[in-house]
Amino acid sequence: MPITGIDLVVNRSDLSDARIVETEFPDADGLDDGRCLLKVDTFALTANNISYGVSADQLGYWDFFPTGHVGYGRIPVWGYADVVASNAAGLEQGDRLYGYLPMSTHLMIEPSKVTPFMVTDGAAHRQERAPFYNQYAFTKTDPVYRPEHESLTSLFRPLFATSFLLEDYHRSEDYFGAGTVILSSASSKTSMALADLLQNKKPESLSVVGLTSPGNREFVDSLGCYDQVVNYDALETLPVSSAAFVDMAGDADVLSRIHHHFGGELKSSCRVGLTHWQSAATEYEGLPGPRSRFFFAPTHAERRLEAWGAEGFQTRLNERWSAFVGKTGDWITVVQGHGPAETLDRYIKTLNGNIRPSEGQILSLWDAG
């Protein structure tokens, strides 16, 4: 008998138009050779996932999990899934995987490579995208997996990888000669992780500054990973000296003000996220100082994979992750949501910026119990 699953799909032209739809999958008896059906258990939903939706047309995020509904897509998330049926060598019912998932109850994959540590989805529609997104880690052999850290891993690990690569990028460029690294959206998980990584490796003369809103100021101050925290409306009070800007917010006004305030003293302007997607910049030419450039983490990852090798890359990433993850439980309170209605409600709240930065959302389209 076919299995009925559900998806949360969004209008690709209007992310606030979201709905729950049903999808049918074959059961174990009807599964084609080389295919594997995953039951999506839990996933994190953060502002970063909203960024995926905002930039999906430019960066191809809609391509990972297509739908049969014209004009609608599935926004990718990160979390855990279990094998419920497999006709693929190396994957057995009950195997638990961590990786890139849709907001759904199920995902069909076509494993093209299975190692003791990882599964690669070889589905044709995913092959034009960065391989990083097509790999799923076996929890049973993942050296940094801890059951008690599943929620924190879903919330921080994919963002931490971006932060890890950003820190490496800036350090390899000697921080572009800047005396200050300024991070917008200081309450975002990517900024939090980057600030912490910078503090562990930076020269003493380098200062890490976080920009935030008044409503998030107390939370950001409590983190202890910034040398200075400044409200957005006060960024012009920062001394005009050599600085590098890492833009997690994507806010057109903030970007313009940073460039005009620092002018020639701005040594680098690096765009990463779109936490302020409603006021996102669309033009980046004509600003004073350096050209604002987009940082695509998978591209830098490919450079480091070539330089360090896969094992060297993973060892470095795991060492930094293990030192970081224990801190996050002091920063974030995990809030869980179950079922289609609550998941849809929390998606809309995240889209509208109505989730407290101290909350980490772990969701499931399966009802509790």
Inset, instruction - Could you identify the single residue in ARG96, ARG157 that is within 20 Å of the chain's Cα centre (by Cα) and among the basic types (Lys, Arg)? - result: ARG157
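SER86 - would you say it is farther than 26 Å from ARG271 by Cβ and among the small types (Gly, Ala, Ser)?
yes
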Legend entry - Number of the condition not met by ARG157 [criteria: (1) open to solvent by less than 30 Å² (accessible area, probe 1.4 Å); (2) touching a residue at least 40 places away in the same chain (Cβ under 8 Å); (3) farther than 24 Å from ASN11 by Cα]: (1)
Legend entry - Which listed residue, of GLY286, GLY264, is open to solvent by 20 Å² or more (accessible area, probe 1.4 Å), within 23 Å of SER207 (Cα to Cα) and either part of a loop (DSSP other than H, G, I, E, B) or at pLDDT 80 or above (or both): GLY264
Legend entry - Residue ID - modelled with the lowest pLDDT, chosen from residues in the range 82-140 that are among the basic types (Lys, Arg) and out of contact with any Lys or Arg (no Cβ under 9 Å at 6 or more places or on another chain): ARG129
Inset, instruction - Find the residue count for the range 160-191, including only residues that are within 18 Å of PRO290 (Cβ to Cβ), over 14 Å from the mean Cα position of the chain (by Cα) and surrounded by 24 or more Cβ atoms within 10 Å (Cβ to Cβ). - result: 5
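Residue by residue, here is whether (1) in contact with a Phe, Trp or Tyr (Cβ under 9 Å, 6 or more places away or on another chain); (2) in contact (Cβ under 8 Å) with a residue 24 or more places away in the chain; (3) over 25 Å from VAL40 (Cα atoms); (4) surrounded by fewer than 16 Cβ atoms within 10 Å (Cβ to Cβ) holds:
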site: THR315; (1), (2), (3), (4): yes, no, yes, yes
site: TRP321; (1), (2), (3), (4): yes, yes, no, no
site: THR328; (1), (2), (3), (4): yes, yes, no, no
site: VAL335; (1), (2), (3), (4): no, yes, no, yes
site: ASP345; (1), (2), (3), (4): no, no, no, yes
site: ILE348; (1), (2), (3), (4): no, yes, no, yes
site: ILE362; (1), (2), (3), (4): yes, yes, no, no
Legend entry - Qualifying residue in the range 110-117 (condition: farther than 21 Å from LEU31 by Cβ, open to solvent by 50 Å² or more (accessible area, probe 1.4 Å), free of Cβ contacts under 8 Å to residues at least 24 places away in the same chain and hydrophobic (A, V, I, L, M, F, W, C)): no
Legend entry - Residue count for the range 213-258, restricted to those that are part of a strand (DSSP E or B) and either closer than 24 Å to LEU165 by Cα or touching a helix residue (DSSP H, G or I) at 6+ places or on another chain (Cβ under 6 Å) (or both): 9
Legend entry - Residue that is modelled with the lowest pLDDT [pool: residues in the range 302-348 that are within 17 Å of GLN361 (Cβ to Cβ) and aromatic (Phe, Trp, Tyr)]: TRP331
Inset, instruction - Could you identify the single residue in LEU211, LEU223 that is aliphatic (A, V, I, L, M), in contact (Cβ under 8 Å) with a residue 12 or more places away in the chain and over 22 Å from GLY289 (Cβ atoms)? - result: LEU223
Legend entry - Positions within the range 194-212 being at pLDDT 95 or above, open to solvent by 10 Å² or more (accessible area, probe 1.4 Å) and outside any helix (DSSP H, G or I), in sequence order: SER207
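The values are calculated or read from the model by the stated rules, or taken from the named source; none is laboratory data. This is a predicted model, so every value here is computed, not measured. No Cβ is skipped: glycine too gets one built from the backbone with ideal geometry, and neighbour counts run over all protein chains shown. Just the protein is used for accessible areas: all its heavy atoms, side chains included, with ligands, DNA and RNA removed. Shrake-Rupley method; radii C 1.70, N 1.55, O 1.52, S 1.80 Å.
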